[in-house]
Amino acid sequence: MIQCYNEEGYCLAGYCDIGDHRFVKDYFAYGPSFITSPWHRTDDGGLFFIRVDRDLSQVATVLSYPHGNL
């Protein structure tokens, strides 16, 4: 997906693999607007604080692309 918003995240517990990077406890991450966000995966789960700068209930805040275009 393409994020049409700035996003900040902080991991409280567990982990999440974002692309080739493992986001673990006490890590902080920032994703700028219009970044193509890679797959987010975890086997054990995680707890995160996520903050964005837009109202995500609005249409076209997240743009999708066909599964074949990853």
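Among all residue pairs at least 6 apart or on different chains, which show Cβ distances below 7 Å where the first residue, located in region 4-16, is of a type outside the set (D, E, K, R) and the second is buried (at least 18 other Cβ atoms within 10 Å of the Cβ) and at pLDDT below 95?
From residues that are of a type outside the set (D, E, K, R), the pairs are CYS11/PHE23; TYR15/PHE23; CYS16/PHE23.
Checking ASP53 against (1) among the acidic types (Asp, Glu); (2) under 13 Å from the mean Cα position of the chain (by Cα); (3) at pLDDT below 90, which single condition isn't satisfied?
Tallying (1) among the acidic types (Asp, Glu); (2) under 13 Å from the mean Cα position of the chain (by Cα); (3) at pLDDT below 90, ASP53 fails exactly one: (2).
Applying the selection to region 4-31, what residues are over 21 Å from SER57 (Cβ atoms) and in a loop (DSSP other than H, G, I, E, B)?
GLY19, ASP20, LYS25, ASP26, TYR27
Being surrounded by 15 or more Cβ atoms within 10 Å (Cβ to Cβ) and either touching a Lys or Arg at 6+ places or on another chain (Cβ under 7 Å) or over 9 Å from PHE48 (Cβ atoms) (or both) is the filter here; which residues of region 1-13 pass it?
Within region 1-13, GLN3, CYS4, TYR5, ASN6, GLU7, CYS11 qualify.
Six or more apart or on different chains, Cβ under 6 Å: which pairs go from a residue in region 43-70 that's on the phi > 0 side of the Ramachandran plot and exposed (fewer than 10 other Cβ atoms within 10 Å of the Cβ) to one that's outside any loop (DSSP other than H, G, I, E, B) and modelled with pLDDT of 85 or more? Could you list them?
Listed pairs, sorted by first residue: GLY45/GLY14.
Within region 22-42, can you find the residues that are loosely packed, with under 10 Cβ neighbours inside 10 Å and out of contact with any Asp or Glu (no Cβ under 9 Å at 6 or more places or on another chain)?
ASP26
The values are calculated or read from the model by the stated rules, or taken from the named source; none is laboratory data. Note that the structure is predicted; figures quoted are calculated from it, not measured. Positions of Cβ are generated from backbone atoms using ideal geometry, with glycine treated the same way; all protein chains shown enter the neighbour counts.
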